[in-house]
Structure formats: structure tokens, C-alpha cells
Amino acid sequence: MTPPTTSLRRCSAIAAAALAAVLAGCAGTPVAQNGEAGPTVGTPVATASSTLAATRRAAEGPVPGAVILSRDGSAQPELVPAPPLESDPATASDVTHADAAAAAQADLWARVRGGFSMAELDDDYVHKWEQWYATRPDYVARMTERGGRYLFHVMEEVERRGLPTELALLPFVESAFNPQALSTARAAGMWQFMPTTGRDFELKQNLFRDDRRDVLASTRAALDYLQRLYSQFGDWHLALAAYNWGQGNVQRAIARNMKAGLPTDYASLRMPVETRNYVPKLQAVKNLITHPEAFSISLPALQNHPFFLSVPIDRDIDVALAARLAGLSLEEFQALNPQMNKPVILAAATPRVLLPYDNANEFVQRLKEHRGPLASWTAWVAPRTLKPAEAAKQVGMPEAQLREVNRIPPRMLVKVGSTLLVLRAAHATRDVDEHVAENAMMVLAPEAKPMRKLTLKAGRGDTVASVAKRYKVSAAQVAQWNDVGPRASFKPGQKVVVMVAAASPSSRSAKPAPSKRPAAKAAAPAKGKTVSAKGKASAPKAQATAKSSKKTVR
């Protein structure tokens with residue numbers, strides 16, 4: 001049995017954290033977006049990352065003397081009475097076990113170490129990465145300090161699923177626990193999801209948000225994916241290799257080794273250099289976390305309680321305003337809510353924000369007291385294909401600002417149905433509806449160059465194909481402009497129409513492409529003149545007597 005003093009120390013640590021969660025709650029009747037009972041604005045709701053260690057160990061029963069959340073999920077405190085002090089004397093093994101448990105309850109790193117269960121890997125690759133980290137203490141310090149924001153939540157999810165806690169360290173390998181990380185291959189977030197894989201695991205990616213960077217959604221998806229891979233391969237090292245390289249590639253590598261009569265474990269497979277280093281890199285991180293002193297590494301102190309709360313919102317709100325109401329810098333706010341692609345949070349698609357414990361109540365209180373609009377931006381769907389200048393005029397904002405906020409390059413059209421972020425009218429009260437918030441996309445198309453008509457006089461031997469080649473257009477276009485077939489020939493002196501770009505230097509001089517026959521440069525026709533297909537101008541009298549014919553010589 002645990003001595004009373006040890007029990008009290010253990011209880012006080014959990015009670016303090018649990019009490020903070022309870023005090024963060026607010027009274028009120030919550031209403032969800034779908035009309036069912038649910039959280040309302042101003043009521044922080046404890047998610048998986050705010051259930052504390054007591055919920056994680058629900059099967060063992062509540063810790064005596066601790067204030068915990070009620071079992072029905074409401075924000076009412078429940079006091080579990082402590083047992084009487086008269087108890088049987090504790091044995092030495094009981095004391096040792098209790099001390100270890102108390103340490104794990106107080107120290108997040110101890111909790112992580114306590115759940116390691118993957119097979120150990122010890123080879124030259126592991127030693128190389130141990131050396132790499134050990135010689136970069138500043139990098140390790142930044143990485144672990146940043147990871148401290150998210151590690152408790154990841155541990156909650158890992159332990160809830162009964163998975164090895166080494167998986168909680170995988171974001172150190174993937175992104176150094178940076179939820180804003182974006183690779184050259186377009187993998188995003190702290191779990192580094194590719195766009196297609198992210199969609200496979202229900203990570204929404206649209207104009208307003210990218211759930212691959214969402215702390216809660218990406219963690220759920222990553223652990224779903226890893227569990228699926230483990231079910232397929234039955235080995236965590238192979239599952240991790242598949243997470244990095246793709247399950248099909250790993251399966252084919254296993255099949256090759258089986259056919260050749262070779263072992264099929266991770267170390268025996270032929271794989272790319274990145275994947276060969278992937279699991280050893282995780283093992284090196286594990287070794288550093290297990291024995292930091294052996295590598296002269298100092299880990300930041302991480303307490304075993306939630307860093308953030310999930311706070312619901314039910315109105316569109318500017319990102320900058322939300323950060324200010326929470327008493328956070330924009331950078332700090334975005335570190336917990338990195339999935340936002342635009343400067344506004346749409347409640348229909350992102351009905352909650354993550355805030356540090358100490359800032360959640362501040363946000364709730366200031367939100368209640370705020371007077372004035374919450375959002376200065378909204379979504380606008382283009383009713384037809386428009387030039388950005390036309391779209392800017394319709395929504396009443398400068399074209400330069402519209403281009404900048406929506407990242408519209410020069411000489412591009414906004415296609416019909418595209419969603420643009422635009423300034424919200426001062427009197428507007430309606431938030432963006434769910435359909436637009438969930439499906440917002442923008443499609444651009446290059447502007448068509450202005451064209452002008454050039455009338456030519458066919459020379460001897462001119463055909464649709466030869467004229468098309470000379471003016472760098474397609475034969476089908478020449479045929480269409482002259483109402484003839486694509487293989488037609490023109491009679492000498494016959495009028496031939498060619499459309500050229502008005503803005504280009506070649507169109508102003510009407511300079512055709514070089515042909516195998518010697519030909520004069522074609523010039524833009526002066527008033528009362530036509531230009532021959534070979535580039536020679538004719539007098540007005542000759543033009544007047546020349547008869548136009550659409551007949552072709554075949």
C-alpha cells in the first residue's frame with residue numbers, strides 16, 4: 001500500500017490540474033450547430049487532452065482525494081473522499097512502484113518512457129542519429145520545447161488506443177513537432193500527411209483550412225493510419241517504414257525477399273535511404289528521451305497535464321481578433337491553430353479553437369464583453385467568370401487587395417463558382433454557411449489575349465497548312481476563320497483571314513513565321529490596302545477589282 005504522504009503528494013498534483021479544468025467551465029445550456037445539445041460559445045469543453053490522467057486510468061478508479069470531472073461529462077466537480085489513514089504498512093516494492101507511478105503522474109517525460117514497448121534497434125544508423133542529435137543541443141531544445149505544447153494530447157490518444165508510446169515521439173522525426181511544416185513533396189503538418197493520404201483519412205483541405213495541420217485532426221488520422229499499417233504488417237518497424245515509404249512499396253519489398261528466400265524484417269528489406277534511416281532516427285530520439293544525461297542533453301520540464309483546452313465558437317471571427325481576445329500573440333495563437341489558411345475562422349467549418357489553459361477563460365470573458373463585429377472578412381462566390389478587377393468592383397474593395405489576400409497572379413481570370421475572401425460589409429450579420437465553408441475552392445484560368453483580324457491575299461501554292469505554319473496558328477483555326485476544310489488550298493489572290501494577338505510585337509508588325517519559300521514580311525494593312533499571304537501590299541484599285549472567293553482548289 002502507498003504511504004499516506006506519498007498518496008497525498010500524488011493526489012495534490014492531479015487535484016491541481018483537475019481543478020483547473022473544472023474552473024474553466026461555465027454555466028449555460030449548450031446548443032450544438034446541428035441543433036442538438038452541445039457546447040456554446042464561452043464554455044470551454046474538456047476534450048481528450050483535458051480529461052487528465054484520472055480519465056486515462058478510469059478502469060482503475062479515481063485517485064482518492066482528487067477533484068475530477070463528473071462521469072457524465074458535465075463540468076461539475078466531484079470529490080472522491082480519501083481513504084482512512086490507518087492502513088497496512090507498505091512493503092519496499094510497494095513504495096518503489098508508488099514512487100514511479102507518482103513520478104509518471106507529475107512528469108510527462110516519465111509517462112512517455114513508461115509506455116515504451118517496441119523492439120529495440122541497435123545499429124550504425126541509430127548511432128549516427130544519436131550523434132547527430134547530441135551535437136545539436138540547441139536544435140533538440142527547440143524541438144522538445146515546441147513539442148511540449150502537443151505531447152500531452154498525443155500521449156492521451158496513444159494510451160487510449162493501447163499503442164506503444166514511441167509513436168508519441170514520431171512527430172519529432174517527421175517535423176520536429178512543427179504543425180506548420182511543409183515539405184518539398186507537399187507533405188504538411190506535424191505528422192506530414194500528403195494531400196491524397198490526408199483526404200483518405202478525412203483531413204479536409206480547402207481554401208479556408210487544411211486539417212493536415214490541425215493538431216487534433218491530424219493526430220487522430222495519423223494514429224488511425226499507423227494502426228491500419230500495423231494490422232497489415234504485424235510489426236511496428238514495418239508499419240513505420242510503410243508510413244514513410246508507402247504500404248505498397250513495403251509489401252513489394254517483402255515479396256521480393258520472400259521470393260529470394262531472404263528475411264523480411266525491416267533491416268533486411270531493400271528500401272530508399274530516407275526510409276532506411278527512418279526507424280533508426282526514431283530509435284535515436286527514444287534513446288535521448290530515455291537517457292538524456294548520457295548524451296549531455298537537457299530536456300525541458302513538462303508537467304503531466306493538458307497544455308490547451310478546446311474552446312467552442314459559433315460565430316465567424318478574425319484570427320487576429322481571436323488571438324487578441326485570448327491575450328496571445330498571433331504567432332502563439334497560430335501554433336495551436338495552424339490549420340487556418342485565411343485571416344478569418346469560419347465557425348461552420350471550424351467550430352472550436354485551441355487555447356492554453358491560462359488563456360481559455362480570458363478568451364471566454366473578453367468574447368462576452370466584446371462590442372462590434374467579430375469578422376471583417378467573409379466568403380464570396382463568383383457568379384460568373386470574371387477578371388479580378390471586375391470581381392473587386394462587385395465586392396467593393398481595391399483590386400490590389402483582392403489579388404493579395406486571394407493570391408491571384410497577374411493575367412488570370414477567376415472562374416465561375418470560385419470562392420474569394422472579401423471584405424465584409426459593416427452592416428452584414430450573416431456568417432458563411434456550411435456548404436461554402438466546407439467546399440470553398442478557387443479556380444483560375446489565363447486571360448485570353450486580345451486578337452485582331454488580318455486580311456491576306458493568297459499567293460501561288462498557299463494552303464491552309466502553309467498559312468497556319470507561317471503565322472504560328474493551327475490549321476483548324478485557319479480553316480475555321482476562312483470557312484474551308486483543314487486541307488484546303490487557296491487560289492492566288494484569294495482573301496485569307498488570320499487572327500493575330502493584338503498586343504504582341506509580332507502582331508503589330510504582322511511578321512509571319514519563316515517559310516521555306518522566300519516571302520516578304522507581312523505588315524499590318526494600311527487603310528484601303530490588303531496584304532498578300534506572302535506579305536506584299538496591293539493598291540486600292542487592285543483590291544477593288546479583285547474578286548473574293550471562298551471556293552477551294554483541291
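Working note: Debye formula, equal point scatterers on the alpha-carbon atoms of the stretch 371-430, no solvent; log10 I(q)/I(0) at q = 0.16, 0.19, 0.23 Å⁻¹ is -0.48, -0.65, -0.91. A Stokes-Einstein calculation at 4 °C with viscosity 1.567 mPa s, built on the Kirkwood radius of the stretch 154-255 over Cα pairs, returns a diffusion coefficient of 94 µm²/s.
In this rough spin-label picture, where each label sits 7 Å from Cα along the Cβ direction, the Asp124-Ala267 distance is 1.3 nm.
Projected label points at Arg384 and Gln251, each 7 Å from Cα along the beta carbon direction, are separated by 5.0 nanometres.
Extent of the stretch 410-480 along its three principal axes (Cα atoms, max minus min coordinate, largest first): 71, 23, 19 Å.
Here, P(r) means the percent of Cα pairs in each 10 Å bin from 0 to the largest distance; for the stretch 176-328 it is 9, 28, 32, 20, 8, 2, 0.
Between Lys453 and Lys393, what's the calculated FRET efficiency when r is the beta-carbon distance and R0 is 30 Å? Round to 0.05. The calculated FRET efficiency here is 0.50.
Multiplying the residue separation of Glu404 and Ala428 by 0.36 nm and subtracting their alpha-carbon distance yields 6.4 nm. Counting 0.36 nm for each residue step from Asn439 to Met499 and taking away their Cα separation leaves a gain of 17.6 nm.
Taking every C-alpha pair closer than 8 Å and separated by at least 6 residues, the mean separation divided by the residue count of the stretch 388-428 gives a relative contact order of 41 percent. Cross-link reach is defined here as a Cα-Cα straight distance under 19 Å, omitting same-chain residues fewer than 8 places apart; for Lys393 the aspartates and glutamates meeting it are Glu404, Glu447.
In the complete set of protein chains, residue-level accessible area for Met412 is approximately 40 Å², probe 1.4 angstrom. What share of Cα pairs, in percent, lie more than 17 angstrom apart in the stretch 302-355? When all Cα pairs of the stretch 302-355 are counted, 31 percent exceed 17 Å. Each of Phe116 and Ala476 was given a label point 7 Å from its Cα along the Cα-to-Cβ line. The distance between the two points is 6.5 nm.
The values are calculated or read from the model by the stated rules, or taken from the named source; none is laboratory data. For clarity, every value in this text was computed on a predicted model and none was experimentally measured. Note that we place each Cβ from the backbone using ideal geometry, even for glycine, and neighbour counts take in every protein chain shown. These area figures cover heavy atoms from the full protein model, side chains too; ligands, DNA and RNA do not enter into them. Shrake-Rupley method; radii C 1.70, N 1.55, O 1.52, S 1.80 Å.
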